[in-house]
Amino acid sequence: MTSSSSRSPSSIVSSAVLAGLLFAAPSSATAASAEVERQLLETQTRMQQLDDKIQAASDQLDSANQRVEEQSQLIERAGIAETRGASSGLPGFLGQIKVGGSMNATYFWNINHPGSARNDGLDGTNSGINEAFYPLTPDHNSFAFSTAWFDIEREVDEENRAGFRLNTAYGLTGELLGGIGNRDIRDDSGFYIMEGYVQYLAPIGDGLTLKAGKFGTTIGKEMADSIYNFNITHGSVYNLLEPLNHIGVIASYEFGDSGFDSSFGVANGYLEDDPDQNNAKSILGHVGWANDTMSLAVNGIWGGEQLGTSDNASGVVNGVITLDPNERWSFWINGDYAWIDASENPYGWGVAAAGRFAVTDRTGIALRAEYVADNDNFFGFGGFDDFGEFINPDGSLAFATDIKVWGVTATVDHLLTDNLKIRGEVRWDNIDKQGNNEEFFKGSNDYSSNQVVLGAEVIYNFNAFGSDD
């Protein structure tokens, strides 16, 4: 039997170590708890300090916002906000400029096949002996770089009350917009300023827009830039009765959300005369109403238009109705009555109606029909005498009167991409003149009272078609 006094030294040592560990365990646990409490306390202190800093920054931001609001109210009361714009400097100015335009090329074929030897080549062989038809697409069997249109505008609103607009045409259209027979060279390098004006939105009522310079006419539906028209060619109503643009000043006003708008202006004349050709000025007027599917407008111009004299005033009264009943159908009717206060009271009138049906989102078909007539040679057409000569035996021009013109135009358009459109067109024109109906060229030596012209056009729009940009 072995007693406790006889245990081995290793057992004694083990017991001693175990007793020491048991004694030390409570002491170690107490020390660890104290360290954890110290670290928690330090963390709480740092979080409190961070919270104090955040609160201080928030108070400073609130104070700064309040000062900005007070300064804005002070600026607004002083009237400075209306003139300073949204931003300053060249980057801010360029950011407010709206840029657009288009480029197009065309080809036309006249079924009458007018000969190139008779009219100084193919120049004006679609236009007839009076050069009054197809004003911007006058040539048979000829490719053309028709136009590069460039539009630059700083629009006006309550934040930017001052602005401008510059609309230019380069190419064949640029050559022809300056007037019939304005083609000195055959290289499609003409340049024309369609619009160039300064504009200002006056703080009057809902806003009165003032323009000074050269601006497009308010009269008619079709526009010189054919990208905005249903058809490639411009109609006879547009060409024979309506002005293109004016030089002067015009004020426009929209009556809130009522749909009504009006404009009133003073210009050098029916044409873009600069300088004016007499001491008289012409008065421009417009009254319109529109909603989402319909618009009505009455437009006019009146004043002395005779070269060197203010007598024998003339005028044009125009009415336009547009209908857009849904996304597929669009219609318009455009009518004009024009007169000159002279002996025999010469006058002319005409009406055109057109519609377009969107077969798909990318393809459409358009049709335009029109009729134009005059009295006492209002159009200024020359004609053939009883002997088939353009000049009377006494050397005077054989003037034609009681002119009647009919026309029908059909156009198909298709979007190849959002920016690229192609169009094909067939157009028929017929004329009836007192004495002799010969107007259109036919073959090398003959004339005809009618003609059929086929046309094709490709257009690249800088902005996507259907975009408001």
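The values are calculated or read from the model by the stated rules, or taken from the named source; none is laboratory data. Here the structure is a predicted model, which is why all the values come from computation and not from measurement. All Cβ positions, even for glycine, are placed from backbone atoms using ideal geometry, and neighbour counts span all protein chains on display.
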Being in contact with a Phe, Trp or Tyr (Cβ under 7 Å, 6 or more places away or on another chain) and either part of a helix (DSSP H, G or I) or modelled with pLDDT of 90 or more (or both), is that true of even one residue in the stretch 90-101?
yes
Subset of the stretch 327-346 that is part of a loop (DSSP other than H, G, I, E, B) and in contact (Cβ under 8 Å) with a residue 12 or more places away in the chain - its residue that is surrounded by the fewest Cβ atoms within 10 Å (Cβ to Cβ)
Glu327
Residue count, the stretch 128-151, condition assigned to a loop (DSSP other than H, G, I, E, B), surrounded by fewer than 22 Cβ atoms within 10 Å (Cβ to Cβ) and more than 27 Å from the chain's Cα centre (by Cα), comes to 4
Selected residue (only one of Ile301, Ile321 is part of a strand (DSSP E or B), in contact with a Leu (Cβ under 7 Å, 6 or more places away or on another chain) and free of Cβ contacts under 8 Å to residues at least 40 places away in the same chain):
Ile321
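Answer yes or no: is there a residue in the stretch 256-274 that is acidic (Asp, Glu), under 20 Å from the mean Cα position of the chain (by Cα), crowded, with 21+ Cβ neighbours inside 10 Å and at pLDDT 95 or above.
no
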Exactly one of these conditions fails for Val198: (1) more than 20 Å from Phe462 (Cα to Cα); (2) aliphatic (A, V, I, L, M); (3) touching a residue at least 40 places away in the same chain (Cβ under 8 Å). Give me its number.
(3)
Any idea how many residues of the stretch 347-359 are under 22 Å from Gly407 (Cβ atoms), free of Cβ contacts under 8 Å to residues at least 40 places away in the same chain and surrounded by 15 or more Cβ atoms within 10 Å (Cβ to Cβ)?
2
Just give me the residues in the stretch 105-127 being crowded, with 22+ Cβ neighbours inside 10 Å, assigned to a loop (DSSP other than H, G, I, E, B) and in contact with a strand residue (DSSP E or B) (Cβ under 6 Å, 6 or more places away or on another chain), in sequence order.
Pro114, Thr125, Asn126
